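What follows draws every value from the coordinates through simple rules; no lab data is involved. Note that the coordinates shown come from a computational prediction; the quantities given were computed from them, not determined experimentally. Cβ placement follows ideal geometry from the backbone for every residue including glycine, while neighbour counts extend to all protein chains displayed.
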Amino acid sequence: MPVSRGRKPKKNKKQAKAQKTSALEPAALPAWMPESIENVLDGASVLLKSESPRELDQATASLLGGELHRALLGENDGLDFDLFFEAVVLAATNADPRQELWLLLQGMSAISPPGFESFVRAGVSTLRKALRSEILPDWPQLTSKNKATGDVWEIQDVYGTRLGVLAAFAYPGGVAPTVYLFEIDTSWIPRLDGGGVYDSLDQAVEAWRQRFGEQAAPVAVTDPRRLEGLVSRSLDLLGDESRTTLDNWYRAERRYLDLDTAMKNRGLRLPPGSYYVDVDPAVMTGPFNAWHLETFGNEPDDLVVEDLAAEWMEGIVPATWFAVSPDRLDHLGALIGDWPDDTVRPAAQALLPKWVRWLGDRADLPSPLVEAMVAKATK
């Protein structure tokens with residue numbers, strides 16, 4: 001099988017993580033962290049406005065996400081977000097005890113990354129003892145006990161490359177049910193593109209439609225293989241993450257693990273997380289060549305089609321191989337532009353508009369959307 005002539009994605013400098021240090025002293029932390037830690041502690045007073053576990057969950061995620069976004073926008077190295085989470089917990093635990101810091105740790109216990117749960121709970125316990133003379137509400141203790149029920153739905157945009165996974169959650173006793181929306185971009189290597197917590201499925205679907213189209217409708221997931229885009233999502237920083245994505249940086253991973261547990265309890269298992277080896281271009285080259293012969297009366301160059309198909313398929317969730325979207329087209333165009341300057345690259349670029357039209361027609365996309373992408377591929 002021919003090897004793709006493209007290049008692997010270039011790593012943004014923001015992907016590099018700092019080596020963790022056990023000291024966690026301000027001088028040992030990356031330069032951006034001490035200020036961001038202080039910002040979180042100072043801003044924790046906003047959590048006093050929360051009146052329910054859901055509100056505390058959201059406010060905490062937003063408070064931390066704001067600092068992750070600020071760090072990302074700056075010219076900062078050492079963007080180790082797990083280290084930042086750990087440092088915030090330690091700083092809150094060791095600061096002068098205040099009710100808002102106890103609330104902060106309660107909220108962080110609900111969105112903690114894997115391996116941090118007991119660490120955060122220990123901080124909660126320490127602050128609770130330090131605040132023993134204060135009357136604290138009982139409801140914040142429910143915040144970390146939000147569990148997936150196992151009910152899950154999927155929703156897609158018109159192109160089929162944006163995946164929404166809507167998972168039902170509830171607090172002990174089925175109290176205050178919510179729906180968590182994972183937004184996954186599968187245009188290229190699947191990545192978290194945002195998320196949010198909502199009071200109902202209808203509310204979550206409406207939020208999706210406002211972003212990606214009113215025609216989208218949720219479908220109950222009975223086959224976990226439908227969720228391969230969620231399983232394969234990457235949490236590597238590329239440097240262009242939105243504020244919404246970073247508000248959900250910790251929470252999405254925690255909710256994913258909760259969903260995985262709930263599905264296992266139902267005798268279902270999420271699919272394996274790696275699909276990017278042994279890609280066979282023939283899966284796409286055969287149907288494309290047949291379409292090209294029927295449409296234009298001839299077959300294109302085999303080498304060009306194979307290289308184009310291999311580049312298109314590599315790193316893409318297999319269920320979306322035959323999906324085409326403007327974002328996916330942008331990714332492919334950039335990769336082909338990085339091919340060596342030989343006869344194959346210009347030939348592949350010349351063939352790309354036909355490739356796009358074939359996929360658009362195959363997917364029954366509205367004609368204006370197909371024509372717009374063909375025009376984009378022609379430039």
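What the table below lists for this structure:
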read-out	value
Sum of side-chain charges, ARG162 neighbourhood, beta-carbon under 15 Å (Lys, Arg +1; Asp, Glu -1)	-3
Dipole magnitude (debye, nearest 20) for segment 282-378, charges at Cβ of Lys, Arg, Asp, Glu	320 debye
Segment 282-378: radius of gyration over Cα atoms, expressed as a fraction of 2.2 N^0.38 Å	1.00
FRET E, pair LEU136, ASP82, Förster distance 35 Å, beta-carbon r, rounded to 0.05	0.80
Charge sum, other residues only, whose C-beta stays under 15 Å from VAL324's C-beta, Lys/Arg counted +1 and Asp/Glu -1	-2
Mean separation of Cα contacts under 8 Å (6+ apart) over length of the chain, as relative contact order %	17 percent
Among beta bridges that DSSP assigns inside the chain, antiparallel share in %, nearest 5	95 percent
Prolate/oblate/rounded label for segment 13-144 (Cα gyration tensor, a/c 1.5)	prolate
Cα long-axis angle, helix 81-94 against the chain (0 to 90 degrees, to the nearest 10)	10 degrees
Rounded, prolate or oblate (a/c below 1.5 giving rounded, otherwise prolate when a/b exceeds b/c) for the chain by Cα gyration tensor	prolate
Segment 61-210 - Debye-derived log10 I(q)/I(0), Cα point model, q = 0.20, 0.21 Å⁻¹	-1.28, -1.31
Dipole magnitude of segment 146-265 about its Cα centre (Cβ charges: Lys, Arg +1; Asp, Glu -1), debye to nearest 20	240 debye
Protection proxy ranking, peptides 185-193, 170-178, average beta carbon neighbours within 10 Å, highest first	185-193, 170-178
Ranked packing of 308-318, 324-334, 357-367, most packed first, by mean Cβ within 10 Å	308-318, 324-334, 357-367
